[in-house]
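Peer 1: Handing you a structure now.
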Amino acid sequence: MNIWLFLISCVLTNNFIFSKFLGCCPFLGVSSKVETAASMGIAVTFVMTLASLFAYMVNAWILVPLHLEYMQTIAFILVIASLVQFVEMFLKKSMPAIYSALGIYLPLITTNCAVLGVATLNVTNQYNMLYSVLNGTFSALGFLLAIVLMAGVRERLESSKIPACMKGFPISLVSAGLMAIAFMGFSGLV
C-alpha cells in the first residue's frame, strides 16, 4: 500500500470527525479558540499514535497468543488511560496554561471514541505494526486538521452577524455539517 495514499485516505477521505463521526465531543467542546484546539489536537495525536503502537503490541503479543481477544476493548482502554495520564502529568508540569485551557477535555481523551476507534480499526483491518502506527498518526492528524479548521471558523463566527437563535452551539453544528459535506468531496480521491 502506498503510504501517501494512506495518509490522504486517513486525513481527508476517512477523517474520524467528518466521515466516521468519532471524537465529536472534544471537537465541539474545545474548538472555540485555535490555540486550545491545536493543543488538544497535538495531545490527541500523541495519544492516538502511541495507543496504536501499544494496542497492537498488547493484542498481538498478549491477547491473541492467550486466546483473550474478547478482552480487547478493556485492554485498549487501559492502554489509552495510561497514556492520557502521562500526557496530563506532562502538560500540568511543563505547560500549565495549556493544561488549564484544555480543562476537563484533557482527561476525557481516555473516553474519546476516536482513540479507541483507531485501535479497534487497526485490529479489524488486520494492519501490521507499521500500518497500525501510521493509521493512528494519520487519523490523529486528520482530527488535528478538523479541530483547528473548526476553531478558525468558530473564531470568525464570533465577529459575524448571526441571528440570535443561531448563535453559539447551533451555528457550530451547522458549520460542522457544512465542513463534513466539504470533506465528502475528497471521497473520490482515494
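Peer 1: Report the one residue of Val34, Leu102, Leu83 whose Cα lies farthest in the direction of the positive end of the charge dipole of the chain (charges on C-beta: Lys and Arg +1, Asp and Glu -1; origin at the Cα centre).
Peer 2: Selected residue: Val34.
Peer 1: What's the angle, to the nearest 10 degrees (0 to 90), between helix 72-94's Cα axis and the longest principal axis of the chain?
Peer 2: Helix 72-94 sits roughly 60 degrees off the main axis of the chain.
Peer 1: Let me ask another. Given [x] 0.97; [y] 1.00; [z] 0.94 as candidate values of Rg/Rh (Cα atoms, Kirkwood Rh), which corresponds to the one derived from the coordinates?
Peer 2: [y]
Peer 1: Further, regarding this structure: Report, in whole Å, the centroid distance computed from the Cα atoms of segment 53-105 and segment 132-187.
Peer 2: 26 Å
Peer 1: Note down the nm distance, to one decimal, between modelled labels 7 Å out along Cα→Cβ at Ile104 and at Ala60.
Peer 2: Simple spin-label model gives 3.9 nm for this pair.
Peer 1: For the pair Phe90/Asn125, report the inter-label distance in nm, with labels modelled 7 Å from Cα in the Cβ direction.
Peer 2: 2.4 nm
Peer 1: Let me ask something additional. What value in Å³ per residue do you get for the convex hull of the alpha-carbon atoms in segment 139-190?
Peer 2: With only Cα atoms used, segment 139-190 gives 78 Å³ per residue.
Peer 1: With just the Cα atoms defining each centre, how far is segment 109-129 from segment 18-49? Give it in Å.
Peer 2: 16 Å
Peer 1: Take every Cα-Cα distance within segment 80-190, group them into 10 Å bins from 0 onward, and report for each bin the whole-number percent of pairs it holds.
Peer 2: Spelled out bin by bin, segment 80-190 gives 12, 30, 34, 21, 3, 0 percent.
Coordinate-derived values only; no laboratory data. This is a predicted model, so every value here is computed, not measured. All Cβ positions, glycine included, derive from the backbone under ideal geometry; neighbour counts span all protein chains shown.
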